[in-house]
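Read the figures in this text as sums done on the coordinates, not as results from a lab. Predicted, not measured: the structure shown is a model, and the values here were computed from it. Neighbour counts are summed over all protein chains in view; Cβ atoms, including those assigned to glycine, are modelled from backbone coordinates with ideal geometry.
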Amino acid sequence: MSLARDIVDRIFFPDRDVHAIPVLDGGFSPNERLERAPVLGDTLKSADALVFDDRGVLYVSAGLQILACAAPDFSERKVLAEFDANVGALAWSAHTGLLACVSGRGVCAVDADGAVAGWLEQPDGDPVRCPTAVACAVEGTIYLTDGSRHNPFEQWQADLMQKRPPSGRVIACGADLRGACVLADNLDWPAGIVVTHDERSLYVVESWAHRLSKFDCAGGKPRVAVKNFAGYPSRISRASDGGYWLALFALRTQLTEFILREHEFRARMMNEVPQHLWAGPSLGDGFDPREPTQIGRIKKLGIQKPWAPPRSYGLVARLDALGNAVESFHSRASGRFHGVTCVVERDGRALAVSKGHGKIAALPVDG
Amino acid sequence: MNALRRLWYRYSPQLIIGELLEKRWMEPIVPFTLMLLVFAAFIVTIPSYASIVQLQQLMRSFPEQAFVAMAMALSILSGGIDLSVGAVFAMADFLTLYFLQVQDWPLPLTIVAVLAWGALIGAVNGGLIAYAKTRPFLTTMVVLIILRAAYNKITGVYAAELAGASVDSAAWDFLGAGFVFGIPINMVCLIVIGAIAHLYLTRIRSGVHIMAVGSSRKAARHAGINVQRSLFLAYVLAGMLSALAGLLYAARQNSAGTDTGVGWEVNALAAAVLGGISLAGGRGTISRALMGAAIIFLLINGLVQLGTHGSLTSAAIGAILLAAVAFNVKFVKNKGKILQKIYVSPSLVEFSPPASIERGGGTVFAENDRLKDSEAIALDKIEGPEDIILDRSDNLYTVNRNGSIIRFLAPNYEKREEFARIGGRPLGMAIDRDESIIVCVAGMGVYGVRQDRTIFKVTDETNRTWYRFKDDSRLWLADDLDIAADGKIYFSDATTRYDLSEWALDGFEGRGNGRLVCYDPATKTTRTVLANLAFPNGVCISHDGQAVLWVSTWLCRIYRYWIAGPQTGKLEIIADNLPGYPDNINRASDGNYWLALVGLRSPVYDIAMADPSFRTRMVKQIPPDEWLCPGINFGCVVKFDDNGEVLESLWDPGGVSHPTITSMREHKGYLYIGGLENNRIGRVPLPGADKSWTGWDSYWGDKTKKGAASAVAHARADHVVSA
């Protein structure tokens, strides 16, 4: 019976999300490569996004600040700009310069001295309160994802648990941050966007729908490229080999999916329990001994098993041009590089940032 | 409303159904119900069906068919089939009449001769099948055909002679129409022989061998059972049962017609299958065959009484049998799955927020680093030291997950030796006056090891709870114990519904599944002292020897049960709503008590405990590794006094060296720390503690019993034993 339903679904609703969590297999086979990758510089609390400018300077957003880090190992960090609210995604465009997403406000352009050059705040009169990712086309157009109309991006756990109807958007605007228009609406927490290598379309990641969709740059109906990721996909960026880097900030677990089906319990949990103690995914920051435990996470002979059901996890995947995972880098349940939110590649290495553990690591790039 | 909910979840009918389904005797529930239904249906449709006369009539007609069904069942249980039962029955009927009426043999001789006839045919069947290795189906069918043909021939020859003859014997008449206490004599025979047959197949060696051969001939042979003899015996017995049926039939009907016994083998086969006896052999009982036979008999009899046309009767019976057998097959096959789905039956446990454990939060539970730099003893030389204990010469004993007790020799605890290997999963320990180690062994009971390393059993069972279906007389999960001054051993049997490996399921239930048990060495008896406790875990005799302190892990409480003094028998809660799950309790040198909190309460889990249906769905929908559970990776050690007041706590933040802290033991100024799943024993110095204090001296030394702590403490709450 369920097989028949699957077949019908496959044929008539090819884009519908499938709900069984796939096992980590094929390109996603677990390893320790992210765990073992060399860490650059000191810990950087709540480091979130990375971007290179055209001279090879690395910009890192962390908390309220944007830091500029110089090569070769980016351990020399200086504050470029500071905001009133958390800074999230970053992008670099030859036309506009550095673009930064500011929680609760929108996207701004930051010039070389750290001064704000302009804002995009209210396209169509609807404020961008949750700018999660930004990408630029070569000709200068800026593409931006607004995760949700209900929560700023720090409140991602709440947004996941509230399970409201999807309200995320993809917004496009000119290089001068003007002429904004909404390319797509009602997306389920779009958290990553990249312009494809051929500059004709966009890959948009929806975290809560666990999928990667392809949009035409001019808008129109999307096509789902990958559905049912095993984790919550986050930012996506170009890889040098014609593929893409995808950061997955946590893994889906059966418990989380179960709690997402338990409406009463979830409501009570959101009401009564502090957010950092909720059952559900986490970035791995702020350990508290009262957080919920699962049977498989009980230490045996003093060892936390790496295959334990993960509350937080570190996962970076390299996708080919069609979105299929070619290889992946893991920091497993027992690891110390969790909650990867961004990966960028330049000069033969890819830098991944663990927001949970506040670290930046360099991953090898082999052809 | 909530009280009602609590009550519902506490006495959930699921519990009873779950424990019922576990019973072997629940397997024939489908045929049994069908039998009652058929009977009830005819009571409704046929006037005065349930009258005494009518019932006597039914009982009079039933036994012959029942014996034939029993014979069939016996052959099927042995792994074969006996199709000749109907023909043996008919021939026995004829022979009885022939011997009695034509040959004028006395009745006893006739009975012996007829039974011998049945045994002879059984021996032919059994000899061919067991020793000549012929197929049971074909062999017995051939015997059926031959006997049937012979019967038709012979009855034809003697028809006239039999018709004219008669027997003048009171015994013979009694056999045909007598009553014992209002029950027809042949029914009495059936009851007696049925009971004997049941006992034979389940209790007597050769009967059990027949069942074993039926289950698996190969395994039976490997087990040293004489397969051929067992098979032979099964057919001989089947033949004798059929012959007995023929004898009783003759006594009742006094005739041998051409259609006597025709098709009875088919009815018998149908009865066996309907009763749920597996055609593959080895699975089934005599009572199930009788149930099947009763259903068929009642159906035929009832439909005939209703005046249904013969062919319609057959069709109706066929249809009902088909449906019943199909349903029964499904039921028997899926019973385990049903049980699995409904066995776990969570109850409602409502917590209020516990005291803060925040570092610097100002409470006695505030996190600190006092265990952080503990010295590791036996690192990686021990697997799961749930409890530790030190003897008078400072040697350290601990339990290992492979079922042994390991000793580390003083003074540096480098030398490891296996002190004793008991098996099971040893947990809490104590040292008695003779310096033997007494240990609770999960899955086995309470055992002891003398200093000369000999192992002895203390106890492995207690009194059974009379109102429970589940047999809880065996100790299920003996967890921790302590020994009172008079030598009585008080120990906790944490749960009677789950094994140690399934402790989390018991946690999901949060119900009073456990008990506090006492072994009295004077009378060598074991009695349950307190029943229906929610995972009683640590047990400790108070310093003054007047009370047993014990904890309920799932309810996060410390209880005191008075065993001596003016309040004997009183149970009270002395600490409630602890921020973690309490485990073992042991005495401290300053007159207080150490308590291990094996895990910390998580607010999410507390909500789950207040939502039983959520937990039920969780257990059903997601795999065990993903279940939410009490957070036993992080715990601490606390000290409390006789009033249940917590005085201090010792922490290993993050559970780096000491996850799953289940016990601690003070000895000569040090505190030793054990963990259910750990790979080490920790040791920290206790500043200010009595450097000469040992546990053994506290219990058995000269300076004990000087009325140490406060004599009487006041109760903190009414006693509520389980959630």
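May I ask for the angle, rounded to the nearest 10°, between helix B:286-305 and the longest principal axis of chain B, with both axes built from Cα atoms and the value confined to 0 to 90°?
50 degrees
Can you give the extra length, in nm with one decimal, that the chain gains between residue B:208 and residue B:465 once fully stretched, where that is 0.36 nm per residue apart less the Cα-Cα distance?
Extra length available between residue B:208 and residue B:465 comes to 89.5 nm.
Residue by residue through region B:120-125, which ³J(HN,Hα) values in whole Hz follow from phi under the Karplus form 6.51 cos²θ - 1.76 cosθ + 1.60 (θ = phi - 60°), with glycine and proline marked x?
Karplus-based 3J(HN,Hα) across region B:120-125 equals 4, 4, x, 5, 4, 4 Hz.
With labels modelled as points extended 7 Å from the Cα through the Cβ direction, what inter-label distance (nm, one decimal) is found for residue A:113 paired with residue B:219?
With each label point 7 Å from Cα toward Cβ, the separation is 8.8 nm.
List the residues whose amide H sits under 5 Å from the amide H of residue B:477, counting only those 5 or more places along or on another chain, with H placed 1.01 Å from N in the peptide plane.
B:443, B:494, B:495
Which of rounded, prolate or oblate describes the protein assembly as shown when judged by the alpha-carbon gyration tensor and an a/c cut-off of 1.5?
Oblate, since a/c reaches 1.5 and b/c is not below a/b.
Give the residue from B:248, A:314, B:469 lying farthest towards the positive end of the charge dipole for the protein assembly as shown; charges sit on Cβ (+1 for Lys and Arg, -1 for Asp and Glu) and the dipole is referred to the Cα centre.
Sorting the options by dipole projection puts first B:248.
What are the lysines whose alpha-carbon lies under 18 Å from the alpha-carbon of residue B:668, with same-chain residues fewer than 8 places away excluded?
B:639, B:691, B:703
Only Lys, Arg, Asp and Glu count, each charged at its Cβ (+1, +1, -1, -1), so figure out the dipole size of region B:375-700 about its Cα centre, rounded to 20 debye.
660 debye
Roughly how many nanometres apart are two label points built 7 Å out from the Cα toward the Cβ at residue B:253 and residue A:228?
6.6 nm
About its Cα centre, how strong a charge dipole does region B:56-297 have in debye, to the nearest 20, once Lys and Arg get +1 and Asp and Glu get -1 at the Cβ?
1240 debye
Using alpha-carbon pairs under 8 Å, 6+ residues apart, how would you state the relative contact order of chain B in percent?
Reported as a whole number, the value is 12 percent.
Per-residue Cβ counts within 10 Å, from other chains only, averaged over B:601-611: what number is that?
Partner Cβ neighbours, averaged per residue: 6.
Report the gain in length on full extension from residue A:29 to residue A:186: 0.36 nm times residue separation, minus Cα-Cα distance, nm rounded to one decimal.
Gain on extension, residue A:29 to residue A:186, equals 53.3 nm.
Once each part is reduced to its C-alpha centroid, what is the distance from region B:308-380 to region A:177-244 in angstrom?
43 Å
Find the centroid of the Cα atoms in region B:425-446 and in region A:75-142, then give the distance between the two in whole Å.
68 Å
Pop the C-beta distance of residue A:267 and residue B:3 into the FRET formula with R0 = 25 Å and round what comes out to the nearest 0.05.
0.60
So how far apart, in nm, are the two label points at residue A:275 and residue A:241 if each is 7 Å from Cα heading toward Cβ?
3.8 nm
Contour minus end-to-end for residue B:356 and residue B:456, with contour as 0.36 nm per residue of separation and end-to-end as the Cα-Cα distance?
Roughly 31.5 nm would be gained on extension.
Which of A:207, B:692 has the fewest other C-beta atoms within 10 Å, and how do the rest follow up to the most?
B:692, A:207
On a 0 to 90° scale, report how tilted helix B:310-343 is relative to the longest principal axis of chain B, with both axes built from alpha carbons and the result rounded to the nearest 10.
The helix B:310-343 is inclined about 10 degrees to chain B.
Taking the Cα centre of chain A as origin and charging only Cβ (+1 Lys, Arg; -1 Asp, Glu), how large is the dipole, in debye to the nearest 20?
1240 debye
If you plug each phi of region B:617-628 into the Karplus form 6.51 cos²θ - 1.76 cosθ + 1.60 with θ = phi - 60°, what whole-Hz ³J(HN,Hα) values come out, in order, with x for Gly and Pro?
Per residue, the Karplus-derived 3J(HN,Hα) values read 5, 4, 4, 7, 8, 10, x, x, 4, 9, 4, 5 Hz.
With the cut-off at 1.5 for a/c, could you classify region B:56-297 from its C-alpha gyration tensor as rounded, prolate or oblate?
Note, shape of region B:56-297 comes out prolate.
With a ≥ b ≥ c taken as the square roots of the eigenvalues of the C-alpha gyration tensor of chain A, please select rounded if a/c is under 1.5 and otherwise prolate if a/b is larger than b/c or oblate if it is not?
Rounded, since a/c falls under 1.5.
Exposure proxy check: A:238, B:135, B:680 ranked by fewest other beta carbons within 10 Å?
Ranked by crowding around the Cβ, least crowded first: B:135, A:238, B:680.
Report, in degrees rounded to the nearest 10, the 0 to 90 angle that the Cα long axis of helix B:227-253 makes with the longest principal axis of chain B.
With both axes taken from Cα atoms, the answer is about 50 degrees.
Got a sec to turn the phi values of region B:133-140 into Karplus ³J(HN,Hα) couplings, 6.51 cos²θ - 1.76 cosθ + 1.60 with θ = phi - 60°, whole Hz, x for Gly and Pro?
6, 7, 6, x, 4, 5, 4, 6
Based only on other Cβ atoms within 10 Å, what is the fewest-to-most ordering of A:3, B:595, B:505?
In increasing order of surrounding Cβ atoms, one gets A:3, B:505, B:595.
As an exercise, use a Förster radius of 45 Å and the Cβ-Cβ distance of residue A:71 and residue A:334 to find the FRET efficiency, rounded to the nearest 0.05.
0.90
Under 16 Å from a point placed 7 Å out from the Cα of residue B:364 along the Cα-to-Cβ direction: which residues of region B:570-596 have their backbone N that close?
Zone members listed by number: B:573-583, B:585-596.
Excluding same-chain residues fewer than 8 positions from residue A:359, which lysines have a Cα within less than 30 Å of its Cα?
Once the sequence-local lysines are set aside, what remains near residue A:359 is A:45, A:78, A:227, A:299, A:300, A:305, B:372.
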